[in-house]
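**Student:** To start, I am sharing the structure in question, which I have written as structure tokens.
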Amino acid sequence: MANVELLESTMQYIKDHPEGHDQTVWTCETGACFAGHAVLRNGYRASTRIDMWGNRIPVNGVVIDDKGEHRPVDRTAQRLLGLSDEDADIMFSAYNTADQLELMVKDLANGEELHGNWVREVEYYHQADGEMAGRSFWVRKGERVDA
């Protein structure tokens, strides 16, 4: 069962601090995706390491719990948020916008699953060098969200 309180409070935090939302980054000191914000706001810390120049840099995708154990962001957030594997994969997609995430949170808060109600679409485009490229994103069945 989805943790509606955490879903809604995480979404509200992202809406209140849009500059700190980057769906392509699990966790870092300047921004995080939905999953990253959910775990960071629940007592986990971003994991860092020292690079070869002595600078402390974030380790993307890993957080540290209150016992000092390293945990994967995605599965930790999935557990905290009460999401199925399928719903976590949809919600944590790197191309989700804040607007899409807000719709997903509303669906989950209403007791709906994302899996089966959201579908992956692919958008193709020409790059500056003339090559074709594409990206995939999730939309509600029958709707188009500007991604």
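Computed from the coordinates by the stated procedures, all read-outs in this text should not be read as laboratory data. Just so it is clear, the structure is predicted and the values come from calculations on it, not from any experiment. Cβ: placed from backbone, ideal geometry, glycine included. Neighbour counts: every protein chain shown.
**Student:** If you stretched the chain out fully between K141 and H115, how much longer would it get, using 0.36 nm times the residue separation minus the C-alpha to C-alpha distance?
**Tutor:** 8.3 nm
**Student:** Loop only per DSSP, at most 16 neighbouring Cβ atoms within 10 Å: give me the GluC sites (Glu not before Pro) in segment 88-147, ordered by residue number.
**Tutor:** Numbers: sites: E102, E112, E113, E121, E123, E131, E143; in loops: E112, E113, E131, E143.
For GluC sites (Glu not before Pro) across segment 88-147 that sit outside H, G, I, E and B with at most 16 neighbouring Cβ atoms in 10 Å, the list reads E112, E113, E131, E143.
**Student:** How long are the semi-axes of the equivalent ellipsoid of the chain, defined as square roots of 5 times the Cα gyration tensor eigenvalues? Whole Å, largest first. Provide the component values of the computation, followed by the final result.
**Tutor:** Working: eigenvalues 138, 98, 31 Å².
The three semi-axes for the chain are 26, 22, 12 Å.
**Student:** Between V4 and R49, what is the label-to-label distance in nm when each label sits 7 Å out along the Cα-to-Cβ direction?
**Tutor:** Roughly 4.2 nm, to one decimal.
**Student:** Multiply the residue separation of A133 and V59 by 0.36 nm, subtract the distance between their alpha-carbon atoms, and state the gained length in nm to one decimal.
**Tutor:** Details: separation 74, 0.36 × 74 = 26.64 nm, distance 2.82 nm.
In short, 23.8 nm is gained.
**Student:** What does the helix-only formula give at 222 nm for the chain: each DSSP H stretch with n ≥ 4 adding -39500 (n - 2.57), the total divided by the residues, and the result rounded to the nearest 500 deg cm²/dmol?
**Tutor:** Details: 5 runs with 48 residues, N = 147.
Computed mean residue ellipticity for the chain: -9500 deg cm²/dmol.
**Student:** Could I ask something else about it? Loop only by DSSP, 10 or fewer other Cβ within 10 Å of the Cβ. Give me the chymotrypsin sites (Phe, Trp or Tyr not before Pro) in segment 1-86 that pass, ordered by residue number. Don't jump to the answer; show the numbers that get you there.
**Tutor:** Values: sites: Y13, W26, F34, Y44, W53; in loops: W26, Y44, W53.
Those satisfying the criteria are W53.
**Student:** Around G61, which amide H atoms from residues at least 5 apart in sequence, or from another chain, sit under 5 Å from its own amide H, with H modelled in the peptide plane?
**Tutor:** The answer is W26, T27.
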